[in-house]
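Have a look at the structure below before the remarks.
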Amino acid sequence: MAPRCWRWWHWSVWPRTRPPPARSTPSSHQQFSTQEQTPQICVVGSGPAGFYTAQHLLKHHARAHVDIYEKQLVPFGLVRFGVAPDHPEVKNVINTFTQTARSDRCAFYGSVVVGRDVTVPELREAYHAVVLSYGAESHQALEIPGEELPGVFSARAFVGWYNGLPENRETSLLQLAPDLSCDTAVILGQGNVALDVARILLTPPEHLEKTDITEAALGVLRRSQVKTVWIVGRRGPLQVAFTIKELREMIQLPGTRPILDPADFSGLQDRIKEAPRPRKRLMELLLRTATEKPGTQEAARQVLASRAWGLRFFRSPQQVLPSPDGQQVAGIRLAITRLEVSLLLPKDTPVLKSPHPSCPHSPQQGVGEATRAVPTGDTEDLPCGLVLSSVGYKSRPIDPSVPFDPKLGIIPNVEGRVVDVPGLYCSGWVKRGPTGVIATTMTDSFHTSQTLLQDLKAGLLPSGPRPGYSAVEALLRSRGVRPVSFSDWEKLDAEEVSRGQGAGKPREKLLDPQEMLRLLGR
């Protein structure tokens, strides 16, 4: 069934349109809200959104029971498969998630694909409430000629490859085996993921040996011939999406030097004066790096650098160029762009043009303005042997019964309540889109769980008992699905840690689902 676009969703909020069932008395709802019964709640997805949702529910309702379903055999989502291996401090949230999973009122069921092994309507029958927190498991396509050429990958798949996501390992059906024998790589997009990918490509392999990067990926990186990485954005310096921490790491990356064109930053000093402090600090660091002469020590370091990275602004991908035999990427054609203000007005509304429309640093590039990149008509070709698209992650519809907006890539919702589906909620990226950091997702998930608890208290959820996992277990058994428990995961976790100890790594990740099942005696 094709996903539906619920364009009217923002006018509907089901708690106002669905009165409590007539057979239920106010006292029964009050009893439920005062925690004299046990609400059975299901969370789909065990990444940050799923675990933070479960954590908040368990903390703020003394009797709630939460079951977490995950399609992978292992938990933690993008904390395990998305956070860069050289950022171990970010992964410390796993300790908090583990405490949640070990609660007597929480259970983890891995290797269960909701929408295939069990449907969302079946979950809604078994639980008082269902929260969809399954994140963004796809990527935004470039939709340009040549995107299908060997040597073109999504940054999401590349990140999954070096982080051990089973579907992105070299022996998987996707057969992601990046060829790093080229001299130049181009990353399309200027967010934190783009800088993560650039940093992993350029970091000396010996600096990654003590991280949890997979040994298979490390072996490929040891043989890498990539010397230059260009990070390309459609707009200008003021619109970059990366943060100062990631930029500072790139500037200080051992064995590399930055390539920044001072002309790209001309006139920006005055424009950033009114910028919010984080943006101002980021721009000041970019300006210093691009325009100031490095000190003696830094200059000496850059002279010895064998690798380089650069930011290219006002460039939009137009076509991936093939090698003469058509079997490999050989370059990328970029449309040169300029910025104009996007006022989000009706399309027939006239828009004032800049007095100098050809200048990318025209007044239209002011801080705080919504700008869009428009082509100037000029192009340039940039030779490269590897193209990584980092223009955004994207959620997918999970079940025909769940509304989904394919244009926005989210489940239509109001404060986490899925539109016109009582008892169904969402949190995280599938709720708001793939933006923000883990702390953003934490706040978002807490809001959704608070909304759920408010509806519970108001009597908007079923008041009678629900079977919870016992009903789902029977369905899964009849379909030949055997879930992985959290204690099973802890066995796999111990095996990974043990394998990593010999090499001085925090762990050596298991990549093959079949090997994982064999280790569990399956």
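Values as computed for the structure displayed
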{"item": "Conditions (1) open to solvent by less than 10 Å² (accessible area, probe 1.4 Å); (2) free of Cβ contacts under 8 Å to residues at least 60 places away in the same chain; (3) over 23 Å from Phe81 (Cβ atoms): number failed by His447", "result": "(1)"}
{"item": "The range 367-426, residues that are more than 30 Å from Thr184 (Cβ to Cβ) and of a type in the set (Gly, Ala, Ser)", "result": "Gly368, Ala370, Ser395, Ser401, Gly409, Gly416, Gly423"}
{"item": "Qualifying residues in the range 50-69 (those that are hydrophobic (A, V, I, L, M, F, W, C) and open to solvent by 10 Å² or more (accessible area, probe 1.4 Å)) - the one nearest to Arg396 (Cα to Cα)", "result": "Leu58"}
{"item": "The range 313-342 - residue that is among the small types (Gly, Ala, Ser) and surrounded by fewer than 18 Cβ atoms within 10 Å (Cβ to Cβ) and, of those, farthest from Gly189 (Cα to Cα)", "result": "Gly326"}
{"item": "Pairs, first at positive phi in the range 243-262, second modelled with pLDDT of 95 or more and not polar (S, T, N, Q), C-beta under 6 Å, six or more apart", "result": "Gly255/Pro204; Gly255/Arg307"}
{"item": "Wholly within the range 1-93, helices (runs of 4 or more DSSP H) carrying at least 2 residues that are at pLDDT below 95, out of contact with any strand residue (DSSP E or B) (no Cβ under 6 Å at 6 or more places or on another chain) and not charged (D, E, K, R)", "result": "14-17, 26-33"}
{"item": "Filtered residues of the range 290-312 (kept if crowded, with 18+ Cβ neighbours inside 10 Å and in a helix (DSSP H, G or I))", "result": "Ala290"}
{"item": "Residue satisfying condition, being polar (S, T, N, Q), open to solvent by 40 Å² or more (accessible area, probe 1.4 Å) and either in contact (Cβ under 8 Å) with a residue 24 or more places away in the chain or more than 18 Å from Ile411 (Cα to Cα) (or both), within set Ser498, Ser463", "result": "Ser498"}
{"item": "Single condition Lys505 does not satisfy, out of (1) open to solvent by 20 Å² or more (accessible area, probe 1.4 Å); (2) under 30 Å from the mean Cα position of the chain (by Cα)", "result": "(1)"}
{"item": "Index of the failed condition, Asp399 passing every other in (1) under 22 Å from Leu520 (Cα atoms); (2) part of a loop (DSSP other than H, G, I, E, B); (3) of a type in the set (D, E, K, R); (4) open to solvent by less than 20 Å² (accessible area, probe 1.4 Å)", "result": "(1)"}
{"item": "Pair list, Cβ < 6 Å and 6+ apart or interchain, from the range 419-439 residues that are surrounded by 16 or more Cβ atoms within 10 Å (Cβ to Cβ) and aliphatic (A, V, I, L, M) to residues that are at pLDDT below 95 and not in a loop (DSSP other than H, G, I, E, B)", "result": "Val419/Trp9"}
{"item": "Exclusive hit being touching a residue at least 12 places away in the same chain (Cβ under 8 Å), closer than 24 Å to Arg507 by Cβ and surrounded by 22 or more Cβ atoms within 10 Å (Cβ to Cβ), set Val232, Val186, Val220, Val197", "result": "Val197"}
{"item": "Complete set of residues in the range 425-451 that are more than 24 Å from Ala62 (Cβ to Cβ), hydrophobic (A, V, I, L, M, F, W, C) and not in a loop (DSSP other than H, G, I, E, B)", "result": "Cys426, Trp429, Val430, Ile438, Ala439"}
{"item": "Test: residue in the range 94-111 that is open to solvent by less than 30 Å² (accessible area, probe 1.4 Å) and part of a loop (DSSP other than H, G, I, E, B)", "result": "no"}
{"item": "Condition check for Glu515: in contact (Cβ under 8 Å) with a residue 24 or more places away in the chain, of a type outside the set (Ser, Thr, Tyr) and out of contact with any strand residue (DSSP E or B) (no Cβ under 6 Å at 6 or more places or on another chain)", "result": "no"}
{"item": "Scope the range 313-324; condition farther than 16 Å from Pro383 by Cβ and either free of Cβ contacts under 8 Å to residues at least 60 places away in the same chain or outside any strand (DSSP E or B) (or both); matching residues", "result": "Phe313, Phe314"}
{"item": "Whichever residue in the range 504-518 is at pLDDT 95 or above and charged (D, E, K, R) and, among such residues, is nearest to Lys210 (Cα to Cα)", "result": "Lys505"}
{"item": "Residue within the range 455-468 that is of a type in the set (A, V, I, L, M, F, W, C), within 23 Å of Asn95 (Cα to Cα) and either in contact with a strand residue (DSSP E or B) (Cβ under 9 Å, 6 or more places away or on another chain) or in a helix (DSSP H, G or I) (or both) present", "result": "no"}
{"item": "Within the range 213-272, helices (runs of 4 or more DSSP H) holding 3 or more residues that are over 30 Å from Thr371 (Cα atoms)", "result": "215-222"}
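Residue-wise test of (1) in contact with a Leu (Cβ under 8 Å, 6 or more places away or on another chain); (2) among the aromatic types (Phe, Trp, Tyr); (3) over 26 Å from Leu142 (Cβ atoms).
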| site | (1), (2), (3) |
| --- | --- |
| Leu268 | yes, no, yes |
| Pro276 | no, no, yes |
| Leu287 | yes, no, yes |
| Ala299 | no, no, yes |
| Pro317 | yes, no, no |
| Ala335 | no, no, no |
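Condition check ((1) more than 21 Å from the chain's Cα centre (by Cα); (2) farther than 22 Å from Gln454 by Cβ) across all residues:
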residue: Asp67; (1), (2): yes, no
residue: Gln72; (1), (2): no, yes
residue: Phe81; (1), (2): no, yes
residue: Asp86; (1), (2): no, yes
residue: Arg105; (1), (2): yes, no
residue: Pro121; (1), (2): yes, yes
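The values are calculated or read from the model by the stated rules, or taken from the named source; none is laboratory data. Given the structure is predicted, the values throughout are model-derived calculations rather than measurements. Cβ atoms come from the backbone with ideal geometry, glycine included; neighbour counts cover every protein chain shown. Remember, those area values only see protein heavy atoms, side chains included, never the ligands or the DNA or RNA. Shrake-Rupley method; radii C 1.70, N 1.55, O 1.52, S 1.80 Å.
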